[in-house]
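Below: the structure, in structure tokens.
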Amino acid sequence: MAVEEMSVELVLDPQGGDPEHTEEELHFLLAELSSLEVESIERVTRGPAPAGTRGGDAVEVGALLIGLGGSGALLPLLVGLVQDWLHRRRSGSIRLKIGDDELELTAASEEMQRRALEGFLRRHGE
């Protein structure tokens, strides 16, 4: 029996609503995510691009789909990297989604984040 790959959708909101700034911040985050030995990192697409534009599919600004492999053992490492990245930025938030379960990490309130994170990891741990 094949093990189903765990995928995490990551959506970056650096605050401010500027799509160009969001994409710039996403590239910085991608550089750090590449240090993890994940199965895949892809842009999230939301259907075909608008008529008259180049490209096949429209990408969601600031959104990635990260394949962690079958065990989910990389999930705590991914979450730790995201938390560290946010704390160094001191602003913004990142939503992590696995199926219908969603966790929003922010640069503030470490105790509340710790409790929410423990529950999220417990629900998706080994």
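For segment 89-100, the set of residues classified as part of a strand (DSSP E or B) and over 15 Å from Thr22 (Cβ atoms) consists of Leu96, Lys97, Ile98, listed by residue number. Total residues in segment 57-88 satisfying the condition of being in a helix (DSSP H, G or I) and buried (at least 16 other Cβ atoms within 10 Å of the Cβ): the figure is 8.
Among all residue pairs at least 6 apart or on different chains, which show Cβ distances below 9 Å where the first residue, located in segment 12-27, is touching a residue at least 40 places away in the same chain (Cβ under 8 Å) and the second is hydroxyl-bearing (Ser, Thr, Tyr) and part of a helix (DSSP H, G or I)? What qualifies is Leu12/Thr22; Asp13/Thr22; Pro14/Thr22.
Residues of segment 1-41 that are over 12 Å from Arg89 (Cβ atoms) and in contact with a Pro (Cβ under 7 Å, 6 or more places away or on another chain): Thr22 alone.
FYI, it's all coordinate maths here, none of it is from the lab. In this text, all values refer to a predicted model and were calculated from it rather than measured experimentally. Glycine gets a Cβ as well: all are built from the backbone with ideal geometry, and neighbour counts include every protein chain shown.
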